[in-house]
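Peer 1: Please read through the structure below; I'll follow up with questions.
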Amino acid sequence: MTAPPPGPYQHLAEEFERRLRTLQEAGEVVDPRIAQIERLKAKVAELKERLAQRDEAIAELTTFKELAVSRLATQYDEIVRLREQGATLGNLRRLPPARRPVLRPCRCQQYPE
């Protein structure tokens, strides 16, 4: 490929190319498309990290839920077993129903009228 013939603005083209090379060697991004690609790559990495954290939290909550349901089922089975055992042995007495305390306003403070 041959260089274009020198024109009246050839010195400006050479200066532009020299500055562009200097910036690229220094690690500066001069192409806005490349800068956008880098920003999007960083955003994708951030979103992947958030997704991994969310998946981990979901896995922990699922494990907790399974454990809780298992414990509830075991407790229910134990309650049913104890009720059946109490019904067959007949040596259990029923407790009287619990009394509900009567709530009254506190008279420890005097309210101004």
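Peer 1: Can you tell me which of THR62, THR74, THR22 moves the most in a GNM of the chain? Springs connect C-alpha atoms under 10 Å apart.
Peer 2: THR22
Peer 1: Using the Karplus curve 6.51 cos²θ - 1.76 cosθ + 1.60 with θ = phi - 60°, what ³J(HN,Hα) values do you get for each residue of the range 81-95, in whole Hz, with x for Gly and Pro?
Peer 2: Along the range 81-95, the couplings run 4, 5, 5, 5, 5, x, 6, 7, 7, x, 9, 9, 10, 7, 7 Hz.
Peer 1: Note the listed values (1) 0.96; (2) 0.94; (3) 1.60, then indicate which one is Rg/Rh (Cα atoms, Kirkwood Rh) calculated from this particular structure.
Peer 2: (3)
Peer 1: Then there's this: I'd like the orientation of helix 10-25 relative to the chain: the angle between its Cα long axis and the longest Cα principal axis, in ° from 0 to 90, rounded to 10.
Peer 2: For helix 10-25, the angle is close to 30 degrees.
Peer 1: Okay, moving on. Provide the FRET efficiency to the nearest 0.05 for the PHE64-LYS41 pair, computing r from the beta carbons and using R0 = 35 Å.
Peer 2: 0.50
Peer 1: I've got another one for you. Can you list the chymotrypsin sites (Phe, Trp or Tyr not before Pro) in the range 1-89 that are in a DSSP coil and have 14 or fewer other beta carbons within 10 angstrom?
Peer 2: Taking the range 1-89 and a limit of 14 other Cβ atoms within 10 Å, the loop chymotrypsin sites (Phe, Trp or Tyr not before Pro) found are TYR9.
Peer 1: Okay, moving on. Roll a 1.4 Å probe over the protein chains and send me the accessible area per residue for the chain in Å².
Peer 2: 106 Å²
Peer 1: Just to verify a number: FRET efficiency for ARG19 and ARG54, C-beta to C-beta distance, R0 = 41 Å, to 0.05?
Peer 2: The value I calculate is 0.35.
Peer 1: Right, next: Can you compute 3J(HN,Hα) from phi for each residue in the range 99-104, using the Karplus curve 6.51 cos²θ - 1.76 cosθ + 1.60 with θ = phi - 60°, rounded to whole Hz and x for Gly and Pro?
Peer 2: These are the phi-based 3J(HN,Hα) values: 7, 8, x, 7, 8, 10 Hz.
Peer 1: Tell me which of ALA52, ALA35, VAL80 sits at the most positive position along the dipole axis of the chain, charges placed on C-beta atoms (Lys, Arg +1; Asp, Glu -1).
Peer 2: Going by the Cα projections, it comes out as VAL80.
Peer 1: Now, a different point. Round to a whole number: what % of the accessible area of the chain belongs to carbon and sulfur, probe 1.4 Å?
Peer 2: 58 percent
The values are calculated or read from the model by the stated rules, or taken from the named source; none is laboratory data. Bear in mind that the values here come from a model prediction, so they are computed numbers and not experimental data. Ideal geometry is used to build each Cβ from the backbone, glycine not excepted, and the neighbour counts take in all protein chains shown. Areas reflect the complete protein model, heavy atoms only, side chains present, ligands, DNA and RNA absent. Shrake-Rupley method; radii C 1.70, N 1.55, O 1.52, S 1.80 Å.
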